[in-house]
Amino acid sequence: MLKKALLTVCVLACSSHFNAMSQTLAEMKIGPFVAGKAGINTSKIQTGTKTGMTINMPPDFGITLYQPFDAKKTSAAITFDVGYNTQAVLSKPESGATDDNTLITSIHYLNFAPNFHIGGFVIGINYGIPLSANSSNKSNSVSVDAPNTDNLSSLFEFRMGALVPIAKDATGQLNFTIMGAYNLSTIYSNYSPLPSESNPSAASLAIGLSYIFNLSHSE
């Protein structure tokens, strides 16, 4: 009998808590983002080659959902990005590197990124499904598209950065964004006969803008 009473109290307490949350949640915001990004290979570099910073093309873009925790204009929120994400790694000879023998491999993903936001600071993860890949030299005289994505791993990144409001009005909010990311996975699911520790992986830094619209009431 006591157990049933305690269970009832717990259920009622939880129900009241979630009802209160649902009543105090602020209106969700949603809008587009775009970000230019540069990255570098963080895996072990094979003997006779070296890597370097490369600009990822095209820029990342997509939609941001922004859900504040409450309607009291606090800075805490959950954000969720859905978009098109590119990772690129560069490889060139250790000596005598030119644009013709510098190779850039780009992987393009459909990405899903939940993040926690407080006071402009953002921390979260990013999961990406590979859509396509291509390799080209820096002079663009040679370019090869991957026939399929069978040998590409899913992307799994740890992300940290900032989302800082630049301007607000009744329509929405323009934000400056900066995001550093570290890929916890590797690009290829099978890298043999080359050593697995040389399977490329990347760290990146993206800088861009987002605009999130107020969905209902003006602020």
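Within the range 61-83, the set of residues being hydroxyl-bearing (Ser, Thr, Tyr) and either touching a Gly at 6+ places or on another chain (Cβ under 6 Å) or buried (at least 16 other Cβ atoms within 10 Å of the Cβ) (or both) comprises THR64, TYR66, SER75, THR79. Of the listed requirements (1) modelled with pLDDT under 90; (2) within 30 Å of PHE176 (Cβ to Cβ); (3) among the hydroxyl-bearing types (Ser, Thr, Tyr), SER22 misses just one: (2). Restricting attention to the range 107-127, the residues that are crowded, with 17+ Cβ neighbours inside 10 Å and aliphatic (A, V, I, L, M) add up to 3. For residues that are touching a helix residue (DSSP H, G or I) at 6+ places or on another chain (Cβ under 7 Å) and either of a type in the set (A, V, I, L, M) or at pLDDT 90 or above (or both), tally how many sit in the range 48-96. Number of matching residues: 1. Counting only strands (runs of 3 or more DSSP E) that sit completely within the range 71-178, those holding 1 or more residues that are over 20 Å from TYR191 (Cβ atoms), out of contact with any Ser or Thr (no Cβ under 6 Å at 6 or more places or on another chain) and of a type in the set (Gly, Ala, Ser) correspond to 77-93, 103-118, 121-137, 155-168.
If you go through the range 61-101 and keep only what is closer than 26 Å to GLY36 by Cβ and among the hydrophobic types (A, V, I, L, M, F, W, C), you end up with PHE61, ILE63, LEU65, ALA77, ILE78, PHE80, VAL82, ALA88, VAL89, LEU90, ALA97. Just one residue in the set ASN134, ASN140 is more than 18 Å from VAL34 (Cα to Cα), over 10 Å from the mean Cα position of the chain (by Cα), loosely packed, with under 15 Cβ neighbours inside 10 Å and at pLDDT 90 or above; that residue is ASN134. Just checking, which of ASN190, ASN134, ASN140 is without any contact (Cβ under 8 Å) to a residue 40 or more places away in the chain and at positive phi? Just one listed residue meets the conditions, ASN140. State the number of residues belonging to the range 55-90 that are without any contact (Cβ under 8 Å) to a residue 60 or more places away in the chain and closer than 30 Å to SER43 by Cβ. Qualifying residue count for the region: 12. Here the range 167-219 is the region considered, the condition is being surrounded by 13 or more Cβ atoms within 10 Å (Cβ to Cβ), of a type in the set (Gly, Ala, Ser) and over 30 Å from LYS92 (Cα atoms), and the residue that is farthest from the chain's Cα centre (by Cα) is GLY172.
The values are calculated or read from the model by the stated rules, or taken from the named source; none is laboratory data. From a predicted model like this one, the values you see are computed outputs, not experimental measurements. Here the Cβ is made from the backbone with ideal geometry for all residues, glycine too, and neighbour counts use every protein chain on show.
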